[in-house]
Structures are given as C-alpha cells and as structure tokens.
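Take a look at the structure below.
The values are calculated or read from the model by the stated rules, or taken from the named source; none is laboratory data. Predicted, not measured: the structure shown is a model, and the values here were computed from it. Here Cβ is always computed from backbone atoms with ideal geometry, including for glycine, and neighbour counts include all displayed protein chains. Ligands, DNA and RNA are stripped out before the accessible areas are found, and what is left, the full protein with its side chains, is counted by its heavy atoms. Shrake-Rupley method; radii C 1.70, N 1.55, O 1.52, S 1.80 Å.
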Amino acid sequence: FWLKPLWQEVMKPCSFKCCHVSGRCRQCGLLPGPVVLVAFWTCVHWRPLLHARTPLLPGRVNKPCCGRTVRAAAQSLPAVSGFPFSAAGAFLPDKPRDVPPSKVEDLAWDPLQNASTVSPAVLGSLLAEDKRNDQTFITAGDTVRQIVEVTPLHEQARLASTIISDYIQTKELHVADALGIHWHNVLTERQEPPDAEICSNLAIGWARIRKRRSKSWLERALAGGVTPTAAAFDAVIHVFKIRSGRINCVRDLETWLSRSLELGHTPSARSFSEAIALNLRAERFGKAGEWLTRMTRASHIPTELEFQGVIHAHANRGYAEAAERWLKQMIRAGLRPGVKERTLLMHAYAKQGNPSAAEDHFELMVSQDVEPSVHTYTAIMDAHARAGSAKKAEAWFQRLQLAGLEPVAPNYRTMIAACARAGRPAEAEVWLQHMQISGLEPDCGTFEIVINSLASRFLLAPCDSLLRQLRNSRVDVSVRTYQSLLGACARAWEPDRAEKWFDDMASMHLDPGQRGYNALISAWAKAGNEARARLWLESMEVAGLSPDAVTYGALIDGCGRQGDLAGAERAFAEMEAKGIRPDEIGVSMLINACGRACPASPERAKRLFRQMVSDGLEPTLLALQALENSVGTEAAKEVCTELKVDARTLRAA
C-alpha cells in the first residue's frame with residue numbers, strides 16, 4: 001500500500017532521465033526499483049550510513065537523478081504503522097545531519113594536535129582513548145558499528161575508506177575525522193594495523209585547509225607500523241611551510257621530510273624547496289645548502305629560485321666564498337647564472353671590501369655575454385667605497401654612464417658614502433646636490449651620511465642648512481640624525497647650537513632619548529657650565545629617563561676640564577649612590593681630573609687606578625694616559641709594574 005505510490009512517483013518520466021532501452025538512470029546507472037527498496041530498507045535499519053555518499057546512494061548532483069526523486073517521494077508520503085516515511089527522506093544524502101557550523105573549526109579537542117614529540121607507544125595509547133561527546137562523533141560511531149555488524153569482513157575496510165573519502169572530498173572533515181577515529185579503534189581492538197590509505201587521506205584533507213591536525217594522522221599511521229603515502233608527507237610539510245612563524249616549524253618540517261626519505265619515499269620538489277626557504281629565513285644557511293644537495297640526489301632538478309635564495313642569503317651576510325661555491329654548483333646543475341646571481345656575488349665581495357674580486361667577476365660576466373645592470377655597477381662602486389677608494393668608485397660611476405645606463409639613487413648614495421669614508425665631506429655634499437639635480441629625492445639616510453660627515457669635521461653651519469632642507473622636504477627627519485648633530489655639538493663645544501636643535505626635536509614631537517640628553521649634558525659640561533648641565537640632568541629624570549654611566553661621565557669630564565676636582569668627585573659619588581657601576585671611561589676621566597686640578601692630586605690618581613684594577617675593570621689606553629698626565633710617566637710605569645699591567649700592550653692596542 002505504500003510502495004505503489006512511491007513506485008509511481010519514481011517512475012514518472014519527468015522526475016529523472018532514464019534510458020528508454022534499459023530503464024536505468026543515466027546519472028547513477030541503477031534501476032529505480034532496487035534503488036527504492038534499498039533506500040527505504042536503509043532508512044529503517046541503517047540510518048547512520050545515510051550520512052555517506054556510498055555507491056548505493058547517489059551523492060549531490062545538479063541534474064535530475066533517481067536518488068533525489070526517491071527523497072522527494074519519501075517526504076510526500078504519510079506516516080503509516082509507526083514508520084515515519086516523510087522523516088525517512090531526511091536521512092537521504094542531500095544534506096548531512098548533526099553537523100553544527102561550530103564543528104568546522106580546527107579540532108581543539110584533540111590532545112595530539114601538537115604531538116610531534118610523542119613516542120609511538122604513548123601515541124597509540126592516547127589514540128585508543130580518543131573520545132568525544134558531540135552528536136557528530138556519536139553518529140559516526142553508530143555508522144562504524146553498522147559497518148562492522150552488517151558488512152562482510154572483507155568489504156568493511158573498502159566501505160569505510162569509501163565513506164571517509166567521500167566526506168573528505170566534500171570538505172566535511174569533522175565527520176570524516178570522527179569516522180576515522182572510530183574505524184581506527186575497531187582495528188586496534190582487532191589488533192590490526194591502521195589503514196594507511198585512510199590515515200593518508202585524512203592527513204591530506206586537513207592539510208588542504210592548513211590545519212596541523214594533519215600531523216596527528218601521520219603519527220597515527222607511523223605508530224601502528226604502517227607507511228603513509230608520499231603525498232601525505234608532502235601535504236603535512238606544506239602546512240608547516242604556511243605556518244612558519246617560528247623556527248620550531250623549520251625543525252618540524254625537517255623532521256617530516258627526513259621521515260619521508262627514511263621510509264623510502266621520494267618527496268616532491270616543492271617539499272625540498274620549502275625546507276630550503278624556511279632554513280634561509282631562519283638564517284640556517286648550512287642546512288639550506290644541505291637540503292639543496294639532497295634535492296639534487298633525489299633526482300629533482302632545482303630551479304633558479306632555489307639557487308638564487310641560497311646565493312642571496314650568503315651574499316647578504318658577506319659570505320662571498322660560499323656564494324661563489326653555490327654559483328658553480330648552479331652551473332654544474334645545468335643552469336645558466338644570470339645577471340642577478342652574479343650581481344649578488346659581487347655584492348658579497350663588496351661587503352668584504354674586496355673590489356678586485358668583484359671586478360674579476362664583472363669581466364667574466366661580460367665575457368659570457370651577460371649584460372650588466374645598474375645594480376651590478378652599484379656593487380662594484382660599493383666595493384671600492386668600502387675599501388676607501390672614492391676615486392675608483394667615481395670612475396665606475398662614469399663607466400655606468402658610458403654604458404648608456406641611467407644612475408639611480410643607490411649609485412649616488414654609494415658615491416656620497418665613499419666620499420664620507422674618505423674624509424671629504426665637501427665632496428659628499430656636492431654629490432648630494434648632483435643627486436637632487438638629476439631629479440632623484442634623497443632619503444633620510446643619505447642626508448644623514450652627509451650631515452655626519454660634516455659634523456665629524458665640526459662643519460656645523462652646513463649641517464644647519466642641510467637640516468632645514470631636510471625638514472622642508474617630504475622626507476621625515478629621524479631621531480638618529482638629531483642625535484648625531486647633538487653629539488657633534490658636544491665635541492665642538494657648541495652647547496647653544498645643541499640646545500637649539502634639541503628644541504627643534506621637541507617642536508617636531510621627536511623623543512631625543514637617553515643619547516640626546518647625554519649629548520646635550522656633555523655639551524654644557526665641556527663648555528664649563530655645570531649648572532646648566534645639571535639642569536638638563538633634572539629634565540632628563542623628569543622625562544622618565546634614568547641617567548647612566550655616560551651621563552655622569554660627561555659631568556665628570558666637564559668638571560675635570562675646568563680643573564674642578566671637587567665637582568668631578570661629587571658627580572662620581574652621585575653615580576655610585578644611585579647604584580650605577582662606574583666604567584673604565586668614567587674612572588679614567590676622574591683620574592684625568594686629578595691631574596688637571598689646582599693643585600694636582602697625584603696620590604688620589606694612583607688610588608683610583610689601583611681601585612679600578614681591584615674592581616675588575618680592564619685598564620685602557622685612556623686610563624693609562626690619564627695616569628701619566630696626573631703622576632708623570634715614571635710614576636705611572638711604577639704603578640703599572642706594581643699592578644702587573646702591560647703598558648706596551650695597551651699602547652699597541
């Protein structure tokens with residue numbers, strides 16, 4: 001009485017497209033009659049299985065199919081004899097039941113999510129007790145029990161694998177994971193090894209959504225003595241590459257890549273590339289090179305990107321020999337180095353201050369018909385600049401222009417740095433003007449090089465002009481620039497100019513920091529204005545900055561230059577009272593103050609030198625010179641002999 005109307009509903013030609021010859025559904029290839037019987041028998045006796053997309057029940061399709069028609073017909077029937085036919089349609093596989101959206105998140109309940117260090121024995125015992133109480137987990141357990149009770153033994157593994165794979169394909173990993181756990185428990189009770197295919201598929205599924213849960217499924221398989229697939233290892237390695245915010249990820253990635261090799265797998269080229277990239281990011285250059293070598297041994301041909309990464313990492317640290325070795329390895333691998341790789345090698349030699357080696361590689365590059373770039377010329381100019389040869393750097397700048405290339409900002413900045421290193425600040429300022437004339441806007445670092453070069457020669461008036469120019473431009477003035485200027489004012493004994501620049505910093509809401517306050521205090525102390533220096537010391541403390549040994553050293557030096565031994569000792573006592581341990585420079589300045597005082601205090605200078613040695617402070621050349629100025633050369637030799645201090649070694653150093 002109930003099958004007839006259902007049969008009529010199913011057999012409507014408009015409900016699904018059946019072949020007129022065989023009568024079978026064109027979508028699933030099954031006869032409608034058996035489909036109806038199997039569907040309703042399953043609704044009564046095997047409800048949990050209906051969560052799966054098995055061969056008996058078609059999956060989600062967009063075209064009309066007999067499986068979708070069975071569901072529609074079942075929902076249209078009334079409940080008869082206690083059998084809820086309309087409710088039975090809800091179990092057909094149109095939408096999974098008992099899958100709250102909150103369960104789609106990474107499974108926080110799993111205690112093995114970070115269990116990369118768990119031994120196989122402990123891991124197996126934890127997995128055997130892996131239980132949850134949510135409805136999805138309970139329904140998955142019922143499904144696995146039905147598989148065990150109804151399906152023949154030789155078909156159980158295939159059916160379980162099919163169900164789990166179907167859920168993985170539809171990205172319902174929370175359901176697939178629960179089914180996998182229950183099936184693993186069944187195999188554990190039977191004392192059978194885990195299913196390597198299921199573990200691998202689940203690991204790959206979790207890896208696709210970048211969850212570290214994938215790692216525990218590989219651990220599950222390895223703890224049971226089975227070997228996951230190479231694709232599963234590659235997927236887990238990729239997860240660690242994506243989540244590589246910590247160096248621990250580098251070690252985990254290496255662990256899984258090593259396990260894959262130990263099990264006889266051939267990891268993909270991407271896995272090797274990710275290991276190389278993470279090791280380079282963690283500045284483990286030796287490991288990166290080792291994985292590049294192992295990549296070649298695994299019959300993978302590294303691309304230019306892998307070699308570029310290794311060469312670039314070594315070149316940035318100035319390891320020119322290692323960079324050149326990897327360049328030769330790249331050639332042996334059948335790859336032709338381009339201008340980028342050779343320029344990186346020249347930069348490495350530039351960091352070593354070896355311009356001749358950089359020029360040799362330039363000539364070799366030209367002989368192999370590799371066109372140099374602007375950055376290639378910049379590397380050679382930088383090599384000469386670091387070697388202190390501004391003239392040769394300028395010659396390469398002209399050679400760059402003769403080659404028809406337009407100089408860029410790094411070329412001008414290299415020339416400015418070369419002139420600054422050579423002690424020619426006026427020429428550095430001229431190159432800055434050439435840079436601006438060419439239409440390039442200098443950055444704050446370029447201005448800072450010129451300002452520091454001028455300040456080192458106490459040319460503070462041009463510094464004023466450049467500072468105004470810097471403030472009027474769109475470039476932000478850095479705190480470091482002002483700190484350098486304040487230090488130059490302190491050395492040039494120009495406290496008024498220093499205080500003016502200090503006020504400019506305040507107007508621009510720049511924090512001078514401890515270094516800025518120390519420079520201003522030193523400027524007033526050297527000028528002999530101890531009261532003004534102490535006023536800025538109080539302002540420093542009001543600003544929330546604590547004075548240090550450099551601060552009090554500036555006060556001691558300023559008092560000593562004025563012959564005020566009492567003021568110097570007062571500052572020294574204040575420093576000790578605040579718990580600041582005097583350094584070698586502070587003690588040396590106090591010794592020097594003893595010699596400048598009127599009258600001089602040579603005995604006090606000797607006691608301070610002996611106290612410095614007994615306190616564990618290493619005597620420096622400055623301390624030795626201060627002692628000689630205070631007590632005389634012969635008396636200083638006697639004190640050094642008494643304390644076993646080698647004066648010759650100090651002078652040689």
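In table form, for the structure just shown:
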{"item": "Three-way shape label, region 161-243, alpha-carbon gyration tensor, a/c 1.5", "result": "oblate"}
{"item": "R399-K644 FRET efficiency (beta carbon distance; Förster radius 51 Å; 0.05 resolution)", "result": "0.35"}
{"item": "Student exercise, region 454-497 dipole from Lys, Arg, Asp, Glu Cβ charges, in Debye to nearest 20", "result": "140 debye"}
{"item": "FRET E, pair E155, Q191, Förster distance 22 Å, beta-carbon r, rounded to 0.05", "result": "0.65"}
{"item": "Centroid-to-centroid separation of region 347-409 and region 137-187 [C-alpha atoms, Å]", "result": "66 Å"}
{"item": "Cross-link pairs beyond the 24 Å C-alpha cut-off, checked among K171/K241; K340/K391; K211/K287; K500/K578; K351/K391; K241/K351", "result": "K340/K391; K211/K287; K500/K578; K241/K351"}
{"item": "Percent of Cα-Cα distances greater than 28 Å, calculated over region 445-587", "result": "20 percent"}
{"item": "Region 514-580 and region 293-327: distance between their alpha carbon centers, rounded to Å", "result": "53 Å"}
{"item": "Probe 1.4 Å - accessible area at T481, Å² to nearest ten", "result": "0 Å²"}
{"item": "Gain on full stretching of the segment that runs from S356 to D548 - 0.36 nm per residue minus C-alpha separation", "result": "64.6 nm"}
{"item": "For peptides 536-543, 249-256, 373-380, sequence by mean Cβ density within 10 Å, most packed first", "result": "373-380, 249-256, 536-543"}
{"item": "Difference of contour (0.36 nm per residue) and Cα-Cα distance, I209 to E321", "result": "36.1 nm"}
{"item": "Given charges at beta-carbon only (K, R positive; D, E negative), |dipole| of region 535-653 in Debye", "result": "320 debye"}
{"item": "Environment charge at A525 (Cβ cut-off 12 Å; Lys +1, Arg +1, Asp -1, Glu -1)", "result": "+1"}
{"item": "Relative contact order of region 493-554, defined on C-alpha pairs under 8 angstrom at six or more residues apart (%)", "result": "34 percent"}
{"item": "Sparse-neighbour loop sites [trypsin sites (Lys or Arg not before Pro); region 546-615; at most 13 other C-beta within 10 Å; DSSP]", "result": "K578"}
{"item": "Pairwise label distance in nanometres, A298 with R332, each label 7 Å out on the Cα-Cβ vector", "result": "2.0 nm"}
{"item": "Formal net charge of residues neighbouring T151 (Cβ-Cβ distance under 13 Å; K, R +1; D, E -1)", "result": "0"}
